[in-house]
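**Student:** Next up is a structure, given as structure tokens.
Readers should treat all values here as calculations from the given coordinates under stated rules, not as data from a laboratory. All values reported here derive from a predicted model rather than from experimental measurement. Positions of Cβ are generated from backbone atoms using ideal geometry, with glycine treated the same way; all protein chains shown enter the neighbour counts.
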């Protein structure tokens, strides 16, 4: 997404994910609780930072968000390390 500027919540999420061992994932509810945010608000922020296409624009690909066994997971991608 050209010109994407992360919000304070997005930056806090990136910092929290960067504190984890390389490639480690956090559950969305655990990350939301750590940041003092609701999971739905955090999920919207994370989707903007993922590689998901919204219309004609794709996000920067800094995080990966997926669902496994009914639980949402989040992990930092290599693009985040390269960009920050």
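**Student:** Helix 39-49 versus the longest principal axis of the chain: what is the Cα-based angle in degrees, 0 to 90, to the nearest 10?
**Tutor:** 30 degrees
**Student:** Can you tell me, using C-alpha contacts under 8 Å and at least 6 residues apart, the relative contact order of the chain as a whole percent?
**Tutor:** 30 percent
**Student:** Based only on other Cβ atoms within 10 Å, what is the fewest-to-most ordering of 45, 19?
**Tutor:** Ordered by Cβ neighbours within 10 Å, fewest first: 19, 45.
**Student:** Under a 10 Å cutoff between Cα atoms, tell me which one of 59, 23, 69 has the largest fluctuation in the Gaussian network model of the chain.
**Tutor:** 69
**Student:** May I pose another question? Quick one: pull the percentage of alpha-carbon pairs in the range 8-83 with a separation above 17 Å. Mind showing how you got there, number by number?
**Tutor:** Numbers: 1079 of 2850 pairs.
For the range 8-83, the fraction of Cα-Cα distances above 17 Å is 38 percent.
**Student:** Treating the angle as unsigned and between 0 and 90°, give the value, to the nearest 10°, between the Cα long axis of helix 8-18 and the longest Cα principal axis of the chain.
**Tutor:** Approximately 70 degrees, to the nearest 10.
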